[in-house]
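Asker: Dropping a structure here in structure tokens format, bear with me for questions.
Taken together, the values in this text are just the output of simple stated rules run on the coordinates, not laboratory data. Since the structure is predicted, the reported quantities are computational estimates derived from the model, not experimental observations. FYI the Cβ positions are ideal-geometry reconstructions off the backbone, even for glycines, and counts take in every protein chain you see.
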Amino acid sequence: MCLQKTAPAVNIGIRDRDCQNIAGGLSRLLADTYTLYLKTHNFHWNVTGPQFNTLHAMFETQYIELAAAVDVIAERIRALGFPAPGSYREYAKLSSIPEAEGIPCAEDMIRQLVEGQETVVRTAREIFPLVEAAGDEPSADLLTQRMQIHQKTAWMLRSMLE
């Protein structure tokens with residue numbers, strides 16, 4: 001029989017309240033990222049039309065990157081001492097990215113993914129002041145990397161619409 005013991009409190013030089021606020025912001029980022037992952041994977045499966053091969057491969061690259069990102073974000077939340085949200089119900093409450101309605105045409109898929117990528121950037125940007133004020137460099141680094149990736153992906157997708 002294993003006796004449950006309390007783990008030591010997180011003591012990383014950031015106030016508990018700041019850790020809680022940052023974890024809350026990162027939970028929103030996690031929800032947006034996971035929702036975008038699911039949407040991108042859905043579009044990978046269901047894209048049709050003359051750009052099928054290009055989009056099918058592009059969407060696969062994107063959803064694989066997003067799958068890795070959710071792990072990094074969730075682990076940062078845990079490192080701050082808080083549970084990471086992990087259910088569709090929690091993500092639906094936290095995410096600002098709408099689910100896709102039906103199966104849109106390829107061009108609308110691209111438009112929705114541009115909007116989703118930029119939404120994740122905005123969510124990350126909203127958290128940044130909390131992270132900077134608390135001196136949380138690891139979270140700042142994570143946010144900077146996520147913003148770079150999502151901005152580049154949005155640009156690549158948008159280029160397909162021109």
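Asker: Out of the residues in the range 42-69 that are β-branched (V, I, T) and either exposed (fewer than 14 other Cβ atoms within 10 Å of the Cβ) or without any contact (Cβ under 8 Å) to a residue 60 or more places away in the chain (or both), which is nearest to L26 (Cα to Cα)?
Answerer: Only one residue tops the list, namely I64.
Asker: It is to be established whether one or more residues within the range 139-146 are over 13 Å from the mean Cα position of the chain (by Cα) and small (G, A, S).
Answerer: Among the residues of the range 139-146, at least one is over 13 Å from the mean Cα position of the chain (by Cα) and small (G, A, S), which makes the answer yes.
Asker: List the number of the failed condition for V120; all other conditions in (1) of a type in the set (A, V, I, L, M); (2) surrounded by fewer than 16 Cβ atoms within 10 Å (Cβ to Cβ); (3) touching a His at 6+ places or on another chain (Cβ under 9 Å) hold.
Answerer: Only one criterion in (1) of a type in the set (A, V, I, L, M); (2) surrounded by fewer than 16 Cβ atoms within 10 Å (Cβ to Cβ); (3) touching a His at 6+ places or on another chain (Cβ under 9 Å) is unmet by V120, namely (2).
Asker: I need a count of the residues in the range 96-123 that are closer than 14 Å to L36 by Cα and of a type in the set (G, A, S).
Answerer: Total satisfying the criteria: 3.
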